[in-house]
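Trainee: Sharing a structure here in structure tokens format.
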Amino acid sequence: MSVHSRPNSNRSYRTLLSALLFTLLCVLSPRPLTAQAPSPPREAASVGVRPVTQESDAERRAAEEASRRVNRLSDQLKSPFCPGKTLLTCTSYQAFELRKEMTNMIHDGKSDEEILAALRDSFGDELENPVQPWYTILVPIMPFVLGGLIAIWVFSMWLKGARREEDEELTELPEVDEAQRERLAALMRDDM
């Protein structure tokens, strides 16, 4: 191998590594955890909606607490409108209306258990998410672990290739004939 082929091999490894990293970034890009709720129809916006006024701190805190409770409950329940999604992440208008109804129940003073009972009466037991096994916590981490292992493997292959090139360069030394050996021996004696 010549010395000039080495930068090309480094460039190919860099290209491969950058393509691998780009692919991993595209695959592992974060996805939104919650969806934006659709806006209500115009006639619904004018019915039952309080005009925007200065709220007291107590009203604002009550609204924030109701929102937290609705989000927590919605995240625990499967959506009857979007298969495979929770009620919190479902983007359908019916899910938005159901979350709004849950907020109204909270403002009416109902407890979480009462809200869940009312939802079970309306939709049955299919709303509740099953208990997840302990190892599901590893699922979001696995792409990073696999990506790290692939990066380590690519780096080790690159190092082995570089070492192999250096070994080949060292073994490709030119043959030294007798005349050159005698000249080297004479030069070494002169130096001493």
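Trainee: Of everything in the stretch 73-127, what is of a type in the set (D, E, K, R) and under 21 Å from Ala58 (Cα atoms)? Give them in sequence order.
Mentor: Of everything in the stretch 73-127, those that are of a type in the set (D, E, K, R) and under 21 Å from Ala58 (Cα atoms) turn out to be Lys100, Asp108, Lys110, Asp112.
Trainee: Hey, another quick one. Identify, please: which residue in the stretch 87-114 is in contact with an Asp or Glu (Cβ under 9 Å, 6 or more places away or on another chain) and assigned to a helix (DSSP H, G or I) and is, among those, nearest to Glu65 (Cα to Cα)?
Mentor: Across the stretch 87-114, the extreme among qualifying residues is Ile106.
Trainee: Which number in (1) within 27 Å of Asn71 (Cβ to Cβ); (2) assigned to a helix (DSSP H, G or I); (3) free of Cβ contacts under 8 Å to residues at least 12 places away in the same chain marks the one condition that Trp153 misses?
Mentor: Every condition holds for Trp153 apart from (1).
Trainee: I'd like to verify a number: residues in the stretch 101-135 that are of a type outside the set (Ser, Thr, Tyr) and without any contact (Cβ under 8 Å) to a residue 24 or more places away in the chain, how many?
Mentor: Adding up the residues that qualify gives 19.
Trainee: Quick check, is Ala151 closer than 25 Å to Pro83 by Cα, touching a helix residue (DSSP H, G or I) at 6+ places or on another chain (Cβ under 8 Å) and modelled with pLDDT of 80 or more?
Mentor: no
Trainee: To continue, here is another question. If the Cβ limit is 8 Å and pairs must be 6+ apart or interchain, which residue in the stretch 73-100 that is of a type in the set (D, E, K, R) pairs with which residue that is part of a helix (DSSP H, G or I)?
Mentor: What qualifies is Lys78/Glu126; Lys78/Leu127; Arg99/Val70; Arg99/Ser74.
Trainee: Here's a follow-up. Does any residue of the stretch 133-145 turn out to be over 32 Å from the mean Cα position of the chain (by Cα) and assigned to a helix (DSSP H, G or I)?
Mentor: no
Trainee: Based on what the data block shows, is Glu168 surrounded by 10 or more Cβ atoms within 10 Å (Cβ to Cβ), modelled with pLDDT under 90 and either out of contact with any helix residue (DSSP H, G or I) (no Cβ under 8 Å at 6 or more places or on another chain) or not in a helix (DSSP H, G or I) (or both)?
Mentor: Yes, satisfied.
Trainee: What residue, among those in the stretch 142-165 that are of a type in the set (D, E, K, R) and exposed (fewer than 11 other Cβ atoms within 10 Å of the Cβ), is nearest to Thr15 (Cα to Cα)?
Mentor: Within the stretch 142-165, the match that is nearest to Thr15 (Cα to Cα) is Lys160.
Trainee: Of the residues Glu175, Glu126, which single one is of a type in the set (Asp, Glu), assigned to a loop (DSSP other than H, G, I, E, B) and out of contact with any helix residue (DSSP H, G or I) (no Cβ under 7 Å at 6 or more places or on another chain)?
Mentor: Glu175
The values are calculated or read from the model by the stated rules, or taken from the named source; none is laboratory data. As the structure is a computational prediction, the values presented were derived from the model and not from experiment. For neighbour counting, all protein chains shown are included, and Cβ atoms are generated from backbone atoms with ideal geometry for every residue, glycine included.
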